[in-house]
1. Not counting the cut sites, what is the longest span of the chain without trypsin sites (Lys or Arg not before Pro) that DSSP labels loop and that have at most 13 other Cβ atoms within 10 Å?
2. Indicate the gyration tensor shape class of the chain (rounded, prolate or oblate), computed on the Cα atoms with a ≥ b ≥ c the square roots of the eigenvalues: a/c under 1.5 is rounded; otherwise a/b larger than b/c is prolate and the rest oblate.
3. Cα centroids of region 216-255 and region 46-72: how far apart, whole angstrom?
4. V277 to D464: extension gain in nm, 0.36 nm per residue of separation minus the Cα-Cα distance?
5. Considering only DSSP states other than H, G, I, E and B, which chymotrypsin sites (Phe, Trp or Tyr not before Pro) in region 153-244 qualify as loop sites with at most 13 other Cβ atoms within 10 Å?
6. Is region 72-164 best put as rounded, prolate or oblate by its Cα gyration tensor, with a ≥ b ≥ c the root eigenvalues, rounded for a/c under 1.5, and otherwise prolate when a/b is larger than b/c, oblate when not?
7. Here are some pairs, K76/K110; K22/K110; K63/K190; K86/K405; which of them have Cα atoms lying more than 23 Å apart in this structure?
8. Considering the zone a paramagnetic label at S320 would reach in this model (a point 7 Å from Cα along the Cα-to-Cβ line), which residues of region 175-213 have amide N under 11 Å from it?
Amino acid sequence: MMLSEEYTRLDAMALTELILRKEVTPRELVETAIECIEKLNPTLNAVVTPMYEQALSVANGPKIDGPFAGVPFLLKDLLAAYTGVKMTLGSRLLQDFVPDHDSELVARLKRAGLIIVGKTNTPEFGILPTTEPHLFGACRNPWNTDRTTGGSSGGSAAAVAAGMVPMAHANDGGGSIRIPASCCGLFGLKPTRARNPLGPDFGDIMGGLVAEHAVTRSVRDSAALLDATSGPDIGDPYWAPPPNRPFLMEVGEDPGRLRIAFSAQTANGPSVHEDCVSAVQDAASLCADLGHEVVEAAPELNGELIAHAFTVIWSSECASTFQLLNPNQDQVEPLTWALAEMGGQYSAADYLQALATLQRITRQMADFFVDYDVWLTPTLAEPPVPLGTFDSTPEDPLQGFRRAKEFVPFTPICNITGQPAMSVPLYWNAENLPTGTHFIGRFGDEAALLRLASQLEQARPWADRRPPVSA
């Protein structure tokens, strides 16, 4: 078996190279991943559905092809349907649901050669920016087990940060790739809208808010994985502009002199913690030192209008889900029930007006990006908060949802506009908690973000930073 210390030191591409050189076998990697999960999961509660038998069967089977042939991988237990393996969406309502097909993204992950060893913890229906579902219990941050991993891809982020796997599936409807990447000290890229497929079960979700990808330790893994999974699927309602060349080719390329706007203030919203402000100022200085033109500027956005429209769409999605599944109240969490009740009070006209509002905001953002290549903000308004911060009371079941808006004022804008954005782990505060920095690019231009990210990764490497709970 491969030594866990060596395994956790390498990214997915490096592990693939070892397999190609026959220095390690896929079975040895899978066994090492299982050992790491079994060692750390009792502390972190990151993996909720082990798939060891399936993984070992694939590892022992015919030769595996693909750019990540033989590398262990984890799926978030939300949207990623895998034939014959339960998919709960973090809810008691679906705790026994077993898909009879693979989602298109999972099919592409398999074709890329990844060996899926389990499914990761997520909040119920991915609603909250923390991973504390009643069904599975809290996922704990490997940097401080009393703190949140973020959400909704918190289980995936905790697993990658702790070294269970080099990268893991994540998706993002309001920041759910970037939030846990920030909380766990990882690289998290939300691609352009429709870059990755949502089929065959969905064309889009919530008017295009949701994007699929991953959390990774290295920039090159994120780029190479996007090459393996992106592109239109049969029947997609729309798709992202095709890249000029493979995303992996952008890694290490000179980004040129970018015009970067930065701001640490929210749009008519909550105040920002001084650590998050410091992280942005530090990143702005680093970008200036690297030769970029950096100016303090931000688009003029109405935060209250954005929050209202976003809430209409999210709650309407909950109501739509309940209409389809018809749950009893005791089958879902009180916050989810209350959000669905709220959504049921909105009309179809309300929903369409909310979409129109978000489309007007998209045009405002596009105007801003005529003058700037990148907009730099905090990923979150606070460093990782204590577990329980988003709990609601029986008297006020929406309390956690309102608290979430204070924690996550920056990331949803890119779900609204469809623009690519990334959380980059450049800053740790005095408590040794990671505090990500958020970079937003033009629609369809992941290439510029990946070139900048790899430049930042080289200037201030983060790969050797290890949390206290680590394989």
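Where a number appears in this text, it was derived from the coordinates with a stated rule and is not lab data. None of these values were measured; they are calculated from a predicted model. Here the Cβ is made from the backbone with ideal geometry for all residues, glycine too, and neighbour counts use every protein chain on show.
1. Excluding the exposed sites themselves, the longest stretch runs over 258-471.
2. rounded
3. Distance between centres, Cα-based: 23 Å.
4. Fully extending the segment from V277 to D464 adds 64.9 nm.
5. Listed in order of number, the matching sites are Y238.
6. oblate
7. Working: K76/K110 15 Å; K22/K110 21 Å; K63/K190 32 Å; K86/K405 31 Å.
Table pairs above 23 Å Cα-Cα are K63/K190; K86/K405.
8. 202-210
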